[in-house]
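Asker: Structure incoming, see below.
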Amino acid sequence: MGLIGTGLSLANGSTVTVSGGDITVSSAAFGGGAMFVEIVVPASATLGPRTVTVTNANLDTSVLSGGLIVK
């Protein structure tokens, strides 16, 4: 998953979470002003929209409701 926005930086420890509890987010990398994370969605995951939240080390957050849809 690629995310683009101001304030994203590996140096300040930005993290990404996806609502629902059954999706795993890992392997954060940065390049060209974007943050890239690997997500794992198990076959048993509940279908539907999920909220994606990015949190920086200073606890600023950005929330995208429905930012990921499991089909």
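The values are calculated or read from the model by the stated rules, or taken from the named source; none is laboratory data. What you see is a predicted model; the values in this text were computed from it and never measured. Every residue, glycine among them, receives a Cβ derived from its backbone with ideal geometry; neighbour counts consider all protein chains shown.
Asker: Mind listing whichever residues of the stretch 41-60 are surrounded by fewer than 11 Cβ atoms within 10 Å (Cβ to Cβ) and in contact with a strand residue (DSSP E or B) (Cβ under 6 Å, 6 or more places away or on another chain)?
Answerer: Listed by number, the list holds a single entry, Leu47.
Asker: To continue, here is another question. For the stretch 16-30, how many residues meet the condition of being at pLDDT below 85 and at negative phi?
Answerer: Counting residues in the stretch 16-30 that are at pLDDT below 85 and at negative phi gives 3.
Asker: Among Ser27, Ser19, which is among the polar types (S, T, N, Q) and exposed (fewer than 11 other Cβ atoms within 10 Å of the Cβ)?
Answerer: That would be Ser27, the only listed residue that is among the polar types (S, T, N, Q) and exposed (fewer than 11 other Cβ atoms within 10 Å of the Cβ).
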